[in-house]
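Read through the structure below, which is laid out as structure tokens, and then see the notes.
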Amino acid sequence: ERRRLWICVGLLLVLLYISMGHMMGLPLPSFLSGHHNALWFGLVQLVLTLAIAVLQFRYFRRGFSSLFRGAPTMDTLVAVGSSAAILYGVYAIIRIAQGLAAGDMELVAQYHMDLYFESAGTILTLVSVGKYWEARSKSHTADALQKLMALAPATAHLLRDGKEVEVPLEEVQQGDHLLVRAGEAIPVDGTITEGQAAVDESAITGESLPVDKAVGDPVTGATLCRSGYFTMQATHVGEETTLSQIIHLVEDAAATKAPIQRIADKVAAVFVPVVISIAVLAMVIWLLVGQTPAFALSIGIAVLVISCPCALGLATPTAIMVGTGRGAEYGILVKSAEALERAHSITTVVLDKTGTVTTGQPAVTDVVELDARLLPVAHALEAASAHPLAAAVTAYCEEKNIPLSPVSDFSAPEGQGLIARFHDETIWGGNARLAGAMGCNITALSAQAEELAARGRTPLYFGAGTTPLGLIAVADPPRETSAAAIAALRQMGLSVLLLTGDHRRTAEAIAKEVGIPRIIPEVLPQQKEAVIRSLQQKGEVVAMVGDGINDAPALVRADIGIAIGAGTDIAIDSADIVLMHSDPADIPAALQLSRSVLRNIKQNLFWAFLYNSIGIPIAAGVFYSLLGWKLSPMLASAAMSLSSVCVVSNALRLRGWKPKLPAANTLPPVTEVECTLLPQQAAPTAESQETAAPAAGQSLTLHIEGMMCNHCVGRVKSALEALPGVTAEVNLAKNTATLTMAEPHSVEELTAAVEAAGYKVTNAE
């Protein structure tokens, strides 16, 4: 297809040079110059035009086929217009030959410049350029699926009879035991049976921080083991894995997304048969009133030529070409004309949180200093750790030019934090449980810590021995322009929704900070796609904005998928629009661009129809008897070209388009966020459960909201085990605490202990 297009472009350039070059003073070969060479002049153009027509014969096949079926399309306009120009050009060559044979140079001169082959060649080639780029954009979904499949490792380390065996991934069966080391991708879904690790689940869940996994915790195929190692038992393999389900969702959504019907096609259904009817009717009428066949044929050809779809055909693609080019200058890459056309009708914008509204990288947000040694101690301690939270603290200290001192006897108690020797004293940093273990009273920091936790931050306490030095809060902060971008979307009359796999407390805090009134937290990739589908079923036209693999099904399912340029390849390939600057401000800019382009297209169509409504009657000879007005095919072609110039000139006004971004404070702040939990997530509250105290020795599972990291796990575990006879196993992935009680405790008592630590119990079973 690409080779065919380049050949057509080359042939067209030669054709344009021969047909129009001499008008600009460019030299022509001697055998093409002058009236005595007019026949060669016409025949060479005919050969070049026929070559283009043969290469683009599909337009004639589809165009005339749809015309004969009574449903003309844009292809029909192209076929009819090109055919009219070619046929009249052939007629002109015949007349030139007759003139040369008879020595009638006046006849030769009349038809020498009455050739319209370049019109046919231009129509066919320009339309083909637009079709090529549209076809190319449709291949991105297939590329995206290939990259999704590449996430899973090709092999797995199978434990068989106590020995490690490397086998192809396809041979892994449900129940097999596998070994996973640091730096390796987890091959299939399963459960850890031995060991522990920090697992990067961002590819699937969008969670920016690695999640600590221990025995009994589930792990997902295609996620990455960042540190540690473990053995696991495969629970879902082959088509049953989470990754396979995501792939199927992308395939299904891509198959059901239909392109919108073009405005020009709708017009063509009426315009083409009317034009043909007018041309035929005009010829018949002029023959009936006694005009010569040559006069009648000239009238008919003039009607078809002046109605040639140059202006109508250029109305849409030219505006889109200029608009997408202008968008590209601002880092807004639109993959197809359909995407730009659809974007103007968006009613709801759904935003992913991590990497879209937020930076996707943990950063220090708050520092509460009780002692001047806080930052030097924190820098020395956290620089020795590879944990993402430690990296955030280290980066902050480096930015503040805090000197780095070496530490000794470094240790990292599981689920608590870090301990080391520094200048002959013990320093530590971590959660409240670690502070208690170090004998440090952190009462002075409790209020600030609770307030920060309520805002979605993770507070880290630091101390030297039993002396508290202060706390440092870490979070995934919003991007600088997120609030202004969301204000712009809301001012455009669009509904804005935050859809995230993150915890409710974090999602609510971010939503309030950037001004998003509605959130749906704690969703999985499959659920994201289902939410988009549900909104569409309610009549919403949905734009989904995301950056991760977990967003791919939703991006494809949405009417418009918008990917952040710094995101993953799969997100970019699944999207219709890519924001290369990774700037949320480009989200409203992309939709504004679409609205401007669609407005320009409608203006172009208006001018094209105005031109036709005036030109066709004149070409048909309506005013010939009264005023003597008659358009020759040459003048009709000139008028057609002028209409194209008008359309292109109007489209070029889009070169002056600029995005408009209001200040973030133009709307009242969002103080209350509407939160929706999906039906399968919604659970009865602890208050609705049986409140009788479980018997001694009985197990009880609490579902807890608000835990964000192992620091939170430690705080909940510490709070529950402070009750007599209670042993707690807290699972961050499941947001649960499984209790074994040697002494009876009521649900209210257990709930109170958890809520005193700053978390919420949503269910007890």
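Each reported figure results from applying straightforward, stated rules to the coordinates on display, with no laboratory input. These numbers come from a predicted model, not from an experiment. Heads up, the Cβs are rebuilt from the backbone with ideal geometry, glycines too, and the neighbour counts pull from every protein chain shown.
Numbers below:
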quantity: Radius 11 Å from Cβ of Lys658, net charge of other residues (Lys, Arg +1; Asp, Glu -1); calculated: +2
quantity: Segment Arg599-Val129, extension gain: residue separation times 0.36 nm, minus the distance between their alpha carbons; calculated: 166.9 nm
quantity: Protection proxy ranking, peptides 466-477, 364-375, 45-56, 156-167, average beta carbon neighbours within 10 Å, highest first; calculated: 466-477, 45-56, 364-375, 156-167
quantity: Relative contact order (%) - criterion: Cα under 8 Å, at least six apart; region: region 699-764; calculated: 45 percent
quantity: Ordering of 174-187, 108-121 by burial proxy (mean other Cβ atoms within 10 Å per residue, highest first); calculated: 108-121, 174-187
quantity: Pairwise FRET efficiency - Gln173 versus Ala742, Cβ, R0 = 30 Å, nearest 0.05; calculated: 0.15
quantity: For region 155-244, average projected area of the Cα convex hull in nm²; calculated: 5.1 nm²
quantity: Inter-site label distance for Cys675 and Lys400 at 7 Å from Cα along Cβ, in nm; calculated: 3.1 nm
quantity: Order of Arg95, Arg599 under a 10 Å beta carbon neighbour criterion, fewest first; calculated: Arg599, Arg95
quantity: Spatially proximal aspartates and glutamates relative to Lys630 (Cα-Cα < 19 Å; intrachain offsets below 8 disregarded); calculated: Asp114
quantity: Neighbour-count order for Asp409, Asp502, Asp75, fewest beta carbons within 10 angstrom listed first; calculated: Asp409, Asp75, Asp502
